[in-house]
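The values are calculated or read from the model by the stated rules, or taken from the named source; none is laboratory data. Owing to the predicted nature of the structure, the values given are computational and were not obtained by experimental measurement. Cβ coordinates were reconstructed from backbone atoms using ideal geometry, including for glycine residues, and neighbour counts include every protein chain displayed.
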Amino acid sequence: MALTTELGRQLQLREVGGILLQAATVDNWSEIQHFEAKPDDLLICTYPKSGTTWIQEIVDMIEQNGDVAKCQRAIIQHRHPFIEWARPPQPSGVEKANTMPSPRTLRTHLPTQLLPPSFWENNCKFLYVARNAKDCMVSYYHFQRMNQVLPDPGTWEEYFETFISGKVGWGSWFDHVKGWWEIKDRYQVLFLFYEDMKRVSKGPSEEPLQTQDPKCEIQKVVQFMGKSLDETVLDEIVQETSFEKMKENPMTNRSTVPKFILDQSISPFMRKGTVGDWKNHFTVAQNERFDEIYRQKMEGISINFCMEL
Ligand SMILES: Nc1ncnc2c1ncn2[C@@H]1O[C@H](COP(=O)(O)O)[C@@H](OP(=O)(O)O)[C@H]1O
Ligand SMILES: CCc1ccc(OS(=O)(=O)O)cc1
């Protein structure tokens with residue numbers, strides 16, 4: 001039984017263009033590549049574990065003009081079709097998107113080179129959220145521990161090697177972030193950072209004014225979406241999309257996903273939601289090695305990540 005389970009976990013990822021994806025996604029690749037985007041589509045793009053669920057909830061709250069009850073209409077995974085998602089016999093992400101009325105908000109973890117070409121051809125809006133690589137690695141490690149349909153991550157030391165070699169679902173963090181950063185001025189891209197969304201605003205004596213202050217970043221999203229919201233609605237969105245609220249919200253915390261898929265007794269989906277948890281995982285030697293690899297892989301890229309707040 002243990003062997004079957006282990007084999008089942010190991011067989012879930014296959015490559016397309018050198019990028020590991022879920023096997024069912026690869027089986028459905030032709031349908032995904034032929035997906036017909038529309039000019040008014042908004043695509044939420046992230047590398048896994050970068051705050052996808054958080055930005056989805058923010059976007060939905062904006063779309064619903066801050067109406068909390070409307071955001072409770074469905075679990076977050078069902079509100080924005082995940083275009084490369086396939087798990088037969090459930091409808092695929094493409095099928096869900098095709099039946100959705102416009103204007104549509106969709107989501108993807110695909111790197112730029114694997115995105116269905118129609119998104120570029122239709123000059124769609126892309127909302128990209130990036131998270132620093134070290135916290136992303138930590139979050140992905142715990143996610144693979146609790147996600148029973150993904151490969152077992154092994155020990156932290158083993159996972160460190162797996163992650164830097166890009167042998168994880170959706171490929172290398174470095175290539176993903178670089179790819180989206182490099183196209184951002186040629187297309188309609190709003191490029192946000194998880195760390196900016198978490199930044200605490202300080203008072204005159206450096207005292208924290210709030211536990212979390214993503215209002216400025218939320219305002220950027222509102223403008224990007226071509227909307228305008230009152231200050232009180234913005235404040236409501238800040239409150240409702242805080243880590244603490246979303247951790248308790250069954251529509252966002254994945255508590256409806258069965259334990260044989262996501263075992264939250266191993267690690268909760270809403271785990272810590274902080275910047276800098278990597279310091280509790282990286283050894284000094286791993287940190288030095290990672291920084292050197294980062295320098296090499298991100299050479300010439302003018303992107304700055306905040307590693308602690
Ligand atoms: N409202 C929120 N504020 C801050 N972090 C959040 C959040 N909602 C989810 N997250 C964090 O985002 C990560 C999941 O990302 P994704 O949705 O892309 O899978 C998890 O990180 P941690 O594992 O570091 O806690 C999760 O806790
Ligand atoms: C292949 C790993 C993986 C990563 C993320 C997934 O979905 S979600 O972003 O948590 O909804 C699924 C599989």
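Just need a number here: residues in the stretch 162-184 that are within 13 Å of ligand 2 (Cβ to nearest atom) and within 17 Å of the chain's Cα centre (by Cα).
Matching residues across the stretch 162-184 total 8.
Given the conditions (1) modelled with pLDDT of 95 or more; (2) surrounded by fewer than 20 Cβ atoms within 10 Å (Cβ to Cβ), and given that K215 satisfies all but one, which numbered condition is not satisfied?
Unmet condition: (1).
Inside the stretch 225-246, can you point out the residues that are without any contact (Cβ under 8 Å) to a residue 60 or more places away in the chain, more than 18 Å from the chain's Cα centre (by Cα) and not in a helix (DSSP H, G or I)?
G226, S228, D230
Select from the stretch 158-189 the residues that are in contact (Cβ under 8 Å) with a residue 12 or more places away in the chain and of a type in the set (D, E, K, R) and write down the one among them that is surrounded by the fewest Cβ atoms within 10 Å (Cβ to Cβ).
Per the stated criteria, the residue is E182.
Within the stretch 272-289, does at least one residue satisfy the condition of being part of a helix (DSSP H, G or I), out of contact with any Gly (no Cβ under 8 Å at 6 or more places or on another chain), among the hydrophobic types (A, V, I, L, M, F, W, C) and within 16 Å of ligand 1 (Cβ to nearest atom)?
Taking every residue of the stretch 272-289 in turn, at least one turns out to be part of a helix (DSSP H, G or I), out of contact with any Gly (no Cβ under 8 Å at 6 or more places or on another chain), among the hydrophobic types (A, V, I, L, M, F, W, C) and within 16 Å of ligand 1 (Cβ to nearest atom).
Is it true that I218 is within 13 Å of ligand 1 (Cβ to nearest atom), in contact (Cβ under 8 Å) with a residue 24 or more places away in the chain and of a type in the set (A, V, I, L, M, F, W, C)?
Yes, satisfied.
If M307 satisfies every condition in (1) surrounded by 13 or more Cβ atoms within 10 Å (Cβ to Cβ); (2) within 12 Å of ligand 1 (Cβ to nearest atom); (3) assigned to a loop (DSSP other than H, G, I, E, B) but one, which is the exception?
It fails just one condition, (2).
Taking only pairs six or more apart or across chains, which ones have beta-carbon atoms under 6 Å, a first residue in the stretch 133-152 that is over 18 Å from A23 (Cβ atoms), and a second residue that is among the aromatic types (F, W, Y) and away from ligand 1 (no atom under 11 Å from the Cβ)?
A133/W173; C136/W173; M137/F163; Y141/Y159
Could you give me the residue pairs with C-beta distances under 6 Å whose first residue belongs to the stretch 15-32 and is farther than 13 Å from Q113 by Cβ and of a type in the set (D, E), whose second residue is buried (at least 17 other Cβ atoms within 10 Å of the Cβ) and modelled with pLDDT of 95 or more wherever it lies, and which are 6+ apart or on separate chains?
These pairs meet every condition: E31/V94.
Could you grab the pairs with beta carbons closer than 7 Å, sequence gap of 6+ or different chains, first residue in the stretch 257-279 and of a type in the set (S, T, N, Q), second one loosely packed, with under 15 Cβ neighbours inside 10 Å and part of a loop (DSSP other than H, G, I, E, B)?
none
Limited to the stretch 74-107, what total is found for residues that are in contact (Cβ under 8 Å) with a residue 40 or more places away in the chain and basic (K, R)?
Here the count works out to 3.
So H78 passes all but one of these: (1) surrounded by 14 or more Cβ atoms within 10 Å (Cβ to Cβ); (2) within 16 Å of ligand 1 (Cβ to nearest atom). Which condition number does it fail?
Of everything listed in (1) surrounded by 14 or more Cβ atoms within 10 Å (Cβ to Cβ); (2) within 16 Å of ligand 1 (Cβ to nearest atom), H78 misses just condition (1).
Please work out if A86 is surrounded by fewer than 20 Cβ atoms within 10 Å (Cβ to Cβ), within 30 Å of Y141 (Cβ to Cβ), under 21 Å from the mean Cα position of the chain (by Cα) and small (G, A, S).
Considered against the rule, which asks whether it is surrounded by fewer than 20 Cβ atoms within 10 Å (Cβ to Cβ), within 30 Å of Y141 (Cβ to Cβ), under 21 Å from the mean Cα position of the chain (by Cα) and small (G, A, S), A86 comes out as no.
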